Amino acid sequence: MLEFYKNKKVFITGHTGFKGTWLCRILLLAGSNVTGYALKAPTNPSLFELSQTSKDINSIIADIRNKDELETRILEFQPDIVLHLAAQPGEGGAVYTKSALLNRIIRSFRDWRRDCYCPSGKDDTCRCRFSKQYGKLPLGFDHKYTYSHFGYNLKATDMQAAIGCAQLGKLDSFTKKRENFAYLKSKLECVQDKLLLPQATSNSNPSWFGFLMVCKDGVSRNDLVLALEKAQIQTRALFAGNIIKHLRVV
């Protein structure tokens, strides 16, 4: 499969993210000429910076919502292949609203920012599919396939939707775990001189994936981990563990 990408010009959006960086490394291994287009790496440190991928590709730091800039860069590079990662979803999540207007806007963003709001299998709900003019498009341009802005490809497959529906049955247990977080934090506030405790973003109330603790200077992480494991409290390094050590292999 990698042979297909040899000597191909590949344009990647979202190349500074975790998946984008790995994709760049794999394509370089395959012998591709890679140009990346994305915002700065979302974390510090980041896999993109640690792997020094910017030295091996043409890295363009810009916003994909800037249509003119994006179009110019693509035309300049003349790629054989475009891989769009910048607007791809992560590991799930859902948005709920009581507002009919917000509902329509959210669904539009989910579907490449398409203007049409007809449900799947329906056409011409607005009764003006071929009779209006939108912006500089010609009169009668098909409203069902009119895109007003850059959007995202967030439509779920049937399997993902089925899993999502099943997960709704666990919603109460997910939100109840917020109590666990509050309890842990209240008990650990007395050692904030030794540990940096997690803090939620303003105006948010997340259901935490875990309870992240950062050891301050003078505190041994290994000693803390061993003590927690001995007390039957499971621990893990933040997500990636030592995955970054293997970048040179790629």
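Looking at this structure, is S131 more than 30 Å from L83 (Cα to Cα) and either out of contact with any strand residue (DSSP E or B) (no Cβ under 6 Å at 6 or more places or on another chain) or free of Cβ contacts under 8 Å to residues at least 24 places away in the same chain (or both)? Give the derivation first.
Details: more than 30 Å from L83 (Cα to Cα): yes; either out of contact with any strand residue (DSSP E or B) (no Cβ under 6 Å at 6 or more places or on another chain) or free of Cβ contacts under 8 Å to residues at least 24 places away in the same chain (or both): yes.
So S131 passes the test.
State which residue is farthest from A227 (Cα to Cα) when the search covers only the range 170-216 and only residues that are among the aromatic types (F, W, Y) and surrounded by 12 or more Cβ atoms within 10 Å (Cβ to Cβ).
In this case the residue turns out to be W208.
May I ask you to say which residue of L137, L184, L224 is assigned to a loop (DSSP other than H, G, I, E, B) and not assigned by TED's automatic domain parsing to the domain that holds N66?
Values: L184 fails: assigned to a loop (DSSP other than H, G, I, E, B); L224 fails: assigned to a loop (DSSP other than H, G, I, E, B).
Result of the check over L137, L184, L224: L137.
So which residues in the range 1-23 are of a type in the set (V, I, T), within 10 Å of F48 (Cα to Cα) and in contact with a strand residue (DSSP E or B) (Cβ under 7 Å, 6 or more places away or on another chain), if there are any at all?
The one that is of a type in the set (V, I, T), within 10 Å of F48 (Cα to Cα) and in contact with a strand residue (DSSP E or B) (Cβ under 7 Å, 6 or more places away or on another chain): T16.
Using the structure shown, decide if K170 is at pLDDT 80 or above and over 30 Å from K67 (Cα atoms).
yes
Could you list all residues from the range 188-200 that are in a loop (DSSP other than H, G, I, E, B) and either at pLDDT 90 or above or not polar (S, T, N, Q) (or both)?
Those that are in a loop (DSSP other than H, G, I, E, B) and either at pLDDT 90 or above or not polar (S, T, N, Q) (or both): Q192, D193, K194, L197, P198, A200.
Name the pairs whose Cβ atoms lie under 7 Å apart, with the first residue in the range 191-218 and outside the structural domain of T175 (by TED's automatic domain parsing), the second assigned to a loop (DSSP other than H, G, I, E, B) and of a type in the set (G, A, S), and 6 or more positions between them or separate chains?
Sorted first by the residue in the range 191-218, then by its partner, the list stays empty.
Could you say whether any residue in the range 201-210 is at pLDDT 85 or above and either more than 30 Å from L27 (Cβ to Cβ) or over 30 Å from the mean Cα position of the chain (by Cα) (or both)?
No; the residues of the range 201-210 include none that is at pLDDT 85 or above and either more than 30 Å from L27 (Cβ to Cβ) or over 30 Å from the mean Cα position of the chain (by Cα) (or both).
So which residues in the range 104-163 are hydrophobic (A, V, I, L, M, F, W, C) and surrounded by fewer than 11 Cβ atoms within 10 Å (Cβ to Cβ)?
Selection gives C128, L139, M159.
Which pairs turn up if I take residues in the range 225-250 that are closer than 26 Å to A30 by Cα and surrounded by 12 or more Cβ atoms within 10 Å (Cβ to Cβ) and look for partners that are among the charged types (D, E, K, R) and modelled with pLDDT of 90 or more with beta carbon separation below 8 Å, at least 6 apart in sequence or on another chain?
Once the first residue is closer than 26 Å to A30 by Cα and surrounded by 12 or more Cβ atoms within 10 Å (Cβ to Cβ) and sits in the range 225-250, its partners that are among the charged types (D, E, K, R) and modelled with pLDDT of 90 or more give L247/R25; V250/R25.
With the condition being among the small types (G, A, S), I'd like the strands (runs of 3 or more DSSP E) fully within the range 1-95 carrying at least 1 qualifying residues. Break it down into steps so the answer makes sense when it comes.
Working: elements: 9-13, 33-38, 58-61, 81-84.
Those strands (runs of 3 or more DSSP E) span 33-38, 58-61.
Can you name the residue in the range 19-31 that is buried (at least 18 other Cβ atoms within 10 Å of the Cβ) and free of Cβ contacts under 8 Å to residues at least 40 places away in the same chain and is also farthest from the chain's Cα centre (by Cα) among such residues?
Only one residue tops the list, namely L27.
Of everything in the range 47-77 that's in contact with a Lys or Arg (Cβ under 7 Å, 6 or more places away or on another chain) and surrounded by 17 or more Cβ atoms within 10 Å (Cβ to Cβ), which residue is farthest from Y37 (Cα to Cα)?
S51
Yes or no: Q167 within 17 Å of the chain's Cα centre (by Cα) and at negative phi?
no
The values are calculated or read from the model by the stated rules, or taken from the named source; none is laboratory data. Everything numeric here is computed off the predicted structure, so don't read it as measured data. All Cβ positions, even for glycine, are placed from backbone atoms using ideal geometry, and neighbour counts span all protein chains on display.
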